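The values are calculated or read from the model by the stated rules, or taken from the named source; none is laboratory data. Keep in mind the model is a prediction, meaning the values are calculated, not measured. A quick note on method: Cβ atoms are made from the backbone with ideal geometry, for glycine too, and the neighbour counts reach across all protein chains shown. Accessible surface areas use protein heavy atoms only, side chains included; no ligands, DNA or RNA. Shrake-Rupley method; radii C 1.70, N 1.55, O 1.52, S 1.80 Å.
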Amino acid sequence: MAARLIDQYVSGFERVLRPLLGRVDATAARLARSVLWIDVPLARAMVYTLLAPVIWNALARLEYYTRVMSRLCGGRRRLACALLAVWIVSFSLYRDVMLLEGMRHTALQLPQFPYECLPIWLRHHLSYASVHAATRAAAYSLAAVGGVLVVSSFVQLGFFGTFLGDYFGMLLPARVTGFPFNTLEHPMYDGSTILFASQALYEESLIGLLLTMWVFLVYRVACIFEGAFTSRIYREAAAAATPKSFRDSRSKID
C-alpha cells in the first residue's frame, strides 16, 4: 500500500514538473558519463540532494528582496509561506525517493555492508544473522533519534519558523533556546541527516552511507548561507525598529 502511494506521488510529481525534472535528469546523466564511479541512480540522488536547499533558499531570498510571492497571493504572507512550505515538502519527498533509488538500484559493485566490511578475524566470531540484527537495531535507534530531533525542532519553531517565515517578514519574537536548540545548532538538518543514515543502515547499503555523507555536506553548506542571511534579516529588522532619534544620537556619539 505504501509503495503504491509512493509510486503514485512520484508519477504525479514528475508529470507536473516534467520540464524541470527533465533538465535535472539530463544533468545527472551527464554527471554519470563524466565520472567513472557514479552511475545514473547515484547521480540523480546527488543532484536532487544538492538542488533541494538551493531552490528553496533561492525562492525565499527572491521573496525577501521582491515580495513577489506575497504579491501573487494578494499580500497574504502566510499563504505565500505556506505555498513555499508545500514546495519544500514536495521536492524533499521526491529527493528522498531518489536517494532510496540510489541506494537500491546503483550498479556499483561494493562489499556487502556491514558484514563484508568487517575485518576477517571479526567475521570468524560473528555470524551474519547477529550482524544483521545489530544493524537493524542501530537503524531503528537512529530513526528514533532523528525523528525526535526533527519533530521537536518543528514544535519549537512552529510552522512558519520552520518554513522560512523570516524571509516573509514573520519574525520570531526571540531566539529559540529550548530543546533541541540547546543541544545542537541545526537540529532540524541534523535530525534529517540522521534519518538518512538510519535508512542506509536499514537497507544495509554502503552507498547509502556515502549518500548520507553527501547530504550532511550539502546541509552544512546550506546552514552557512541560511544562518548568515537570517542573522542579516533580524539585524535589519532590529535597526528598523530602533527609534530614529535614538539612531541619530548614537551616530553623533560615534
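Taking the options Leu99, Leu31, Leu50, name whichever one is under 30 Å from Ser130 (Cα atoms), in a helix (DSSP H, G or I) and of a type outside the set (Gly, Ala, Ser). Lay out the reasoning, then the answer.
Details: Leu31 fails: under 30 Å from Ser130 (Cα atoms); Leu50 fails: under 30 Å from Ser130 (Cα atoms).
Just one listed residue meets the conditions, Leu99.
Exactly one residue out of Leu110, Leu126 is assigned to a loop (DSSP other than H, G, I, E, B), open to solvent by less than 70 Å² (accessible area, probe 1.4 Å) and modelled with pLDDT under 95, and it is Leu126. Just so you know, in the range 206-222 the residues that are over 20 Å from Gly147 (Cβ atoms) and not aliphatic (A, V, I, L, M) include one that is surrounded by the fewest Cβ atoms within 10 Å (Cβ to Cβ), and it is Arg220. Restrict the check to the range 173-180 and report whether at least one residue is of a type in the set (Lys, Arg), over 30 Å from Ala238 (Cα atoms) and out of contact with any strand residue (DSSP E or B) (no Cβ under 9 Å at 6 or more places or on another chain). Scanning the range 173-180 turns up no residue that is of a type in the set (Lys, Arg), over 30 Å from Ala238 (Cα atoms) and out of contact with any strand residue (DSSP E or B) (no Cβ under 9 Å at 6 or more places or on another chain).
In the range 188-207, which residue that is of a type in the set (S, T, N, Q) and assigned to a helix (DSSP H, G or I) is nearest to Gly161 (Cα to Cα)? Here the residue is Ser192.
The set of residues from the range 171-218 being in contact with a helix residue (DSSP H, G or I) (Cβ under 8 Å, 6 or more places away or on another chain), under 30 Å from Gly75 (Cα atoms) and at pLDDT below 95 comprises Leu171, Leu172, Val176. When the criteria are applied in full, Leu184 meets the requirement of being under 27 Å from Trp87 (Cα atoms) and among the aliphatic types (A, V, I, L, M).
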